[in-house]
Structures are given as C-alpha cells and as structure tokens.
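A quick write-up on the structure given underneath.
The values are calculated or read from the model by the stated rules, or taken from the named source; none is laboratory data. Remember, predicted model here, so these are calculated numbers, not experimental data. In this analysis, Cβ positions are derived from the backbone assuming ideal geometry, glycine residues included, and neighbour counts consider all displayed protein chains. The area values use the complete protein model at the heavy-atom level, side chains included, leaving out ligands, DNA and RNA. Shrake-Rupley method; radii C 1.70, N 1.55, O 1.52, S 1.80 Å.
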Amino acid sequence: MGRRDSASTPATGTKKKGAEAAASAPPDPSPPDSGPDSRPDSSSVPEPGDARVVLGADDIARALRRMAHEIAERNKGTDDLVVLGIVSRGAPLARRLAEQLATVEGKTVPVGTLDVTLYRDDLRRKPTRRMEPTNIPDGGVDDKIVVLVDDVLYSGRTIRAALDALGDEGRPRAVRLAVLVDRGHRDLPIRADHVGKNLPTSSSERVHVLLAESDGIDEVRITGGDRS
C-alpha cells in the first residue's frame, strides 16, 4: 500500500517545524536509510569512471514530464493538489514536478518540503543528520491530495517516516507517492503511485541521484555490485 487516505492519516495537532527542531539537533550528518543509500553528499559522489550512468539529464526531464501528466490525469486536474518533496533530493524534484504540473494544467501548484529526520525508526542506531526546515504551503494539507516526492524508493522506511511526519501537519484526503527511481528491495509494504524509472539492482549496489541544484549535474549512477 503506497498511500494513506484521510481515514488512516493521524492529525495530532502538533506541528514539528524543522527550523525550530534544528537548533537542538546534533550536527553529525548520516545517510537516512540503512544499507546502500541513494542520497550522496558531495564527498561520496562517484566519479563517472567509477559508476554506471543509467539516467541522464534528458531522461530525468522526460520522466518528470510523464509523471506530471500521470498525476494530472489521475487527479483530473490539479485542484486540491499539494506537492511535498522529502528532504533532501526530493525537494528539488518536487519543485520541478510542480513546474511541470503548472505547464500541463496552466495553474500554479502549491509545493513545499518535508523533513522526516525525527520520524525515522533508526535514530537509536544512527546519529541524527542535520535537519532542514519543513515548509508546508499556505492552505496546509487538510483535505488535500498530497503527492510526496522522493528521489529513490528503496526499503520504504523513509516513506513510512514521511507519512508519520505528514500526519503531524494535518489530515490529507489522500496521499500519493512519486519517485524518480524505484530500485526494489522493500522492507515495508509500500508502493509508489508514480515512478520515473524502475531500476532492478542488487542489494550490494548503491544508487546515486545527482541533481543540478545540489551537484551541478542531472544524472543517476550505480556503483558497487559484481562487475565481473
């Protein structure tokens, strides 16, 4: 099940804004998922010669355009639609997706960000990475169709954390998930509604999503695994 409707998304009334919580968060960053991760920092970005490029800039742009058309068709337009990018690389992807939706429908789509750090289930095993602000668009998420956006769907634990974080922000009518890459190996029963690229991988491989906003280039690369 890749979504929660309003019947199963809790509204606790407690708003945990990242800007407020960041002041007390330890500064030591760590990857948000266990195992090979999809979000490289600048020191872990692989050199092209060490990686296999599976998506280029044109591929990423086409995938986002297609997902925008799928979302608009399923929603019968963009009314009551809110796009939220999961920090960190989900945030620029969400902005690009919202721009594509605006192009398709001729209307501005509210877009924001969601930091899920404090909702992860591995905080006891890993230090907390640096938090970033959660920005919910004006109008909130109550009774809205919320599209969560992330770069890579892997174990599903980031999305579970995102659903919990979103529940503290309000009570959406429905929640849908859009990811640039689905690499499989799920730990939880979570499925994406809109996928840019299904990418079969081994558990020993790492998927690196590079975006112009943070890395200066749009590419998806794979490293590791059996190269023989």
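Of note:
- Restricting segment 105-121 to residues that are open to solvent by 70 Å² or more (accessible area, probe 1.4 Å) and in contact (Cβ under 8 Å) with a residue 12 or more places away in the chain, the residue that is farthest from residue 79 (Cα to Cα): 121
- If the condition is being crowded, with 21+ Cβ neighbours inside 10 Å and within 23 Å of residue 199 (Cα to Cα), then segment 65-83 contributes 67, 68, 71.
- Filter pass, residue 102 being of a type in the set (Gly, Ala, Ser), touching a Phe, Trp or Tyr at 6+ places or on another chain (Cβ under 6 Å) and over 16 Å from residue 196 (Cα atoms): no
- Hey, residue 12 exposed (fewer than 14 other Cβ atoms within 10 Å of the Cβ), at pLDDT 95 or above and not basic (Lys, Arg) or not: no
- Matching option when the condition is without any contact (Cβ under 8 Å) to a residue 40 or more places away in the chain, surrounded by 16 or more Cβ atoms within 10 Å (Cβ to Cβ), part of a helix (DSSP H, G or I) and not acidic (Asp, Glu), among 94, 102, 98: 98
- Boolean, residue 165 is in contact with a Ser or Thr (Cβ under 8 Å, 6 or more places away or on another chain), among the aliphatic types (A, V, I, L, M) and either over 23 Å from residue 69 (Cα atoms) or touching a residue at least 40 places away in the same chain (Cβ under 8 Å) (or both): yes
- For residue 118: the one exception among (1) touching a Leu at 6+ places or on another chain (Cβ under 6 Å); (2) aliphatic (A, V, I, L, M); (3) not in a loop (DSSP other than H, G, I, E, B): (1)
- The one condition in (1) hydrophobic (A, V, I, L, M, F, W, C); (2) surrounded by fewer than 14 Cβ atoms within 10 Å (Cβ to Cβ); (3) modelled with pLDDT under 50 that residue 25 fails to fulfil: (2)
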